Amino acid sequence: MHGAVKLYKDNLQDRTSKKDLAACTEWQSAWVLLLWHSLLVACMVLDCQEEQNGLMRCPSISQEKLLDRVIHHAELIYRVSEESCSLFEEMFIPFPLRLQTNQAGYACITKALPIPSSRSEIQQISDKWLLHSVLMLVQSWLEPLVYLQTTLDRYDNAPEMLLNKTKWVSEKLISLEQGVVVLIKKMLDEGSLATTYNEPGLFQYDALPEMMESVIRDYTLLSCFTKDAHKMESFLKLLKCRQTDKYNCA
């Protein structure tokens, strides 16, 4: 596909005007946007919004299908967050500074949460705590991602693709939260469960940080969220494995 595009541009340079070349560039941009739109469409909606009578639509979905949709949601959130982090790094973080930030070992905002980290801990926790760990991670990132969106909007040269991706992740995280809450009620029979884990003071705002400090903080936020998004996906897939092949989920 890329070779065909290159050949097409070479031919245009030999026999077309600058106006035609501009049209070719517009076509390439439209092609990239079309691919991004396809990714958005590929994310199946969890459809957990409230009906007029106050009931949730998610309970009408079977437990197995709901878990599959939640996993698919988590997969796409992780993929897009990873792309966003790489794009941010390429645009705003010089290579020497990337090494410094990695070596600095900035603490992620979710470090204080009781989330299992080692392989042995993850294997030993119950299905209940797998689900509750996912929910804690999801809910702890809702506010920071909204904040990140507002700070990126103030960047002078932030690419539209980066803004769109971070906004998409922020919106889809809300859908993931809704799906996980309903899944907890279905799998654990905890209909009256209090499922809010937003702890005050978990994420702190600075008034007007210096520009470089703000960039590093945003980069750290994106990096940490990408790691946590991978945890969400992994926990949900382990849960799915336990439902189908309990004794072979290494």
- Task: Using label points projected 7 Å from each Cα along Cα→Cβ, tell me how many nm separate D127 and Q243, to one decimal.
- Result: 0.8
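Tell me, in nm to one decimal, what length is gained between L97 and K111 on full extension, where the rule is 0.36 nm per residue of separation less the Cα-Cα distance? Intermediate results must be reported in sequence, preceding the final value.
Details: separation 14, 0.36 × 14 = 5.04 nm, distance 2.30 nm.
Separation in residues times 0.36 nm, less the Cα-Cα distance, equals 2.7 nm.
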- So how much accessible area does M91 have, in Å² to the nearest 10, using a 1.4 Å probe? 90
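The values are calculated or read from the model by the stated rules, or taken from the named source; none is laboratory data. The structure displayed is predicted, hence computed values, not measured ones. Please note: Cβ atoms are built from the backbone with ideal geometry, for glycine as well, and neighbour counts cover all protein chains shown. For accessibility, only protein heavy atoms count, side chains too; no ligands or nucleic acids. Shrake-Rupley method; radii C 1.70, N 1.55, O 1.52, S 1.80 Å.
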